[in-house]
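The values are calculated or read from the model by the stated rules, or taken from the named source; none is laboratory data. The model shown is predicted, which means the values in this text are computed figures rather than measured ones. We place every Cβ from the backbone using ideal geometry, glycine too, and count neighbours over all the protein chains shown. Just so you know, the surface numbers come from the protein's heavy atoms only, side chains and all, with ligands and any DNA or RNA stripped out. Shrake-Rupley method; radii C 1.70, N 1.55, O 1.52, S 1.80 Å.
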Amino acid sequence: MALQPKFAERQAPFVVERALVGEHPAIVKLRALIERVAPTEVTVLITGESGTGKEVVAQAIHTLSPRCNQPFVPVNCAAIPHDLLESEMFGHERGAFTGAAGSRHGLLATADGGTIFLDEIGEMVNGLQAKLLRVLEDGVVRPVGADRATRVNVRVIAASNIDLGKAVEKGAFRKDLFYRLQVVPIKIAPLRDRRSDIPLLAEHFLERIRDRTPGREIAISREAMVALWSYDWPGNVRELENMVERLALLCEGSIIDTSILPENLAASARPATPPVKVKLSDGKVNLNNLVRELEGRLINDALKQTEGNKQAAARLLGLKRTTFSAKLRRCGVIAPPALDECEED
Amino acid sequence: MVVDDDQDTVAILAHHLQREGFVPIEANSGAQCLKLVHQNEVDVILLDLMMPGMDGFQVVRALRENPETAEIPIIMITARDDLDARAEGMRLGVSDFLAKPVFRRQLASRIRAQLEVVETARSAVAAMDRLEAVRRRSEKAG
């Protein structure tokens, strides 16, 4: 998923495949759902980890809707201080509170006729949640300090990186608002769970770099691509996008190779289990888990050395065959197959 | 489904999966995997690469080519540093990989992650169906 459509793409007609790149079934179905939900007026709740492209989805829904020529107003509820969010959203009258020198339109009024995108809606305080619910139900907005409410026609798309259902259970989010928001729930999978899209996305970002710098030849080596594919991307598509941009900057030739990969990425291409190095001074340790891990590794090594012969492996570790088998089951170690495969290690 | 030519490995993996609350189906060859996948409802396939006869890659290709099985998540089990195997798995579109030795907790969490993505795709389809039903109702009424 491209998170920030670049200028050239904005000029071209909007194509959802260009905004949300991927062939994984979850992303193919997500695109179909976006196309289906966009022309309706229903409220949408988007859930996904940070960097998965929630705003891209919101923008795609707006762009494919009949409201596309009206404003799209994104609001990050976590970025605006709690006490300011209400007046930002609803506007205020002159003298409504200390410092309110003049009256001001709120973001809901700005979005009139269009779409408002409320990101990180889980951060909204309870009082404001109630006020938003009234907007959703009656379409009326009452600015802070105003006697009268005005009518707005706004489509609401909300997003959260936390499970709002759980927040409702804990009492941190209003149940009535939750059900009103998630008329159509849209979930975006983390990138690591749709790993097969990583090469496609990396190539998409490279293509954008080539478009931006005509004449520049740039590609990713097979080994480097395997490293990108193997990495877990906690920052999801946004992190991958930034990484490809960064690697292209660092790359002096035309091939991005493993030599310029940062250590965490290079390590994902060789996930050799590091030796257990723990000091009690590091803080709390879980001795049982560590012992089990060490057992697992030694059992695995012994099996490798003995070409999978359990009797010999047990002898090597000074264990009875039955004890060895029990440990093997408990540690969850898979006996390595033939030695020729292991010798590559 | 657990697919490996090594009986012990299949037994150990199946044992761990059971303890984590899954219902494992065991297959000892690529051919058996392709047969059983049509006889059972399979959510995720754990696939060893090095098997005599039909190897893991051929199994991936066969599963992906058949529309009925194309969307089943495949987690391939590779040797620790086998870059070539991973490159080939990446090319064929496997869903995830686990490097040996495989630990139970890791195994369970990777499987659950794949089940969750399947669920995400299903919820998108369910939402589309609901929208379609609403549209039809409003067409009838209007």
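With angles folded into 0 to 90 degrees, how steeply does helix A:25-37 sit against the dominant principal axis of chain A? Use alpha carbons for both and round to 10.
With rounding to tens, the tilt is 10 degrees.
Given a cut-off of under 8 Å on Cα pairs at least six residues apart, what relative contact order in percent is computed for chain A?
Normalised by residue count, the contact order of chain A is 17 percent.
Would you calculate a helix-derived [θ] at 222 nm for chain A, using -39,500 (n - 2.57) for each DSSP H run of n ≥ 4 and dividing by the full residue count, to the nearest 500?
-13000 deg cm²/dmol
Can you give the Rg to Rh ratio for the protein assembly as shown, taking only C-alpha atoms and Rh from Kirkwood?
1.04
How big is the antiparallel share of DSSP beta bridges in the protein assembly as shown, given as a percent to the nearest 5?
Rounded to the nearest five, the antiparallel share is 10 percent.
Round to a whole number: what % of the accessible area of chain A belongs to carbon and sulfur, probe 1.4 Å?
Here carbon and sulfur together make up 51 percent of the probe-accessible area.
Roughly what angle does helix A:321-331 make with the longest principal axis of chain A, taking Cα atoms, 0 to 90 degrees, to the nearest 10?
20 degrees
Based on Cβ point charges of +1 for Lys and Arg and -1 for Asp and Glu, what charge dipole magnitude is obtained for the protein assembly as shown about its Cα centre, in debye rounded to the nearest 20?
The dipole of the protein assembly as shown has a size of about 1460 debye.
Top mean-square fluctuation among A:SER50, A:SER325, A:SER65, Gaussian network model of chain A, C-alpha springs under 10 Å?
Greatest mean-square fluctuation among the candidates belongs to A:SER325.
In degrees, nearest 10, range 0 to 90: what is the angle between the Cα axis of helix A:287-305 and the longest Cα principal axis of chain A?
Between the helix axis and the principal axis of chain A, the angle is about 50 degrees.
In a shell of Cβ-Cβ distance under 12 Å around A:LYS131, excluding A:LYS131 itself, what net charge do Lys and Arg (+1) and Asp and Glu (-1) give?
Local charge sum for A:LYS131: 0.
Using alpha-carbon pairs under 8 Å, 6+ residues apart, how would you state the relative contact order of chain B in percent?
Averaging sequence separation for qualifying contacts and normalising by length gives 19 percent for chain B.
Of the candidates A:PRO39, A:PRO25, A:PRO234, which one comes out as most mobile in a Gaussian network treatment of chain A with C-alpha springs shorter than 10 Å?
Of the options given, A:PRO25 has the highest mean-square fluctuation.
Could you give the distance between the Cα centres of segment A:240-265 and segment A:163-179, to the whole Å?
For segment A:240-265 versus segment A:163-179, the Cα centre distance is 42 Å.
For segment A:115-150, which trypsin sites (Lys or Arg not before Pro) are both in a DSSP coil and crowded by at most 13 other Cβ atoms within 10 Å?
Taking segment A:115-150 and a limit of 13 other Cβ atoms within 10 Å, the loop trypsin sites (Lys or Arg not before Pro) found are A:ARG148.
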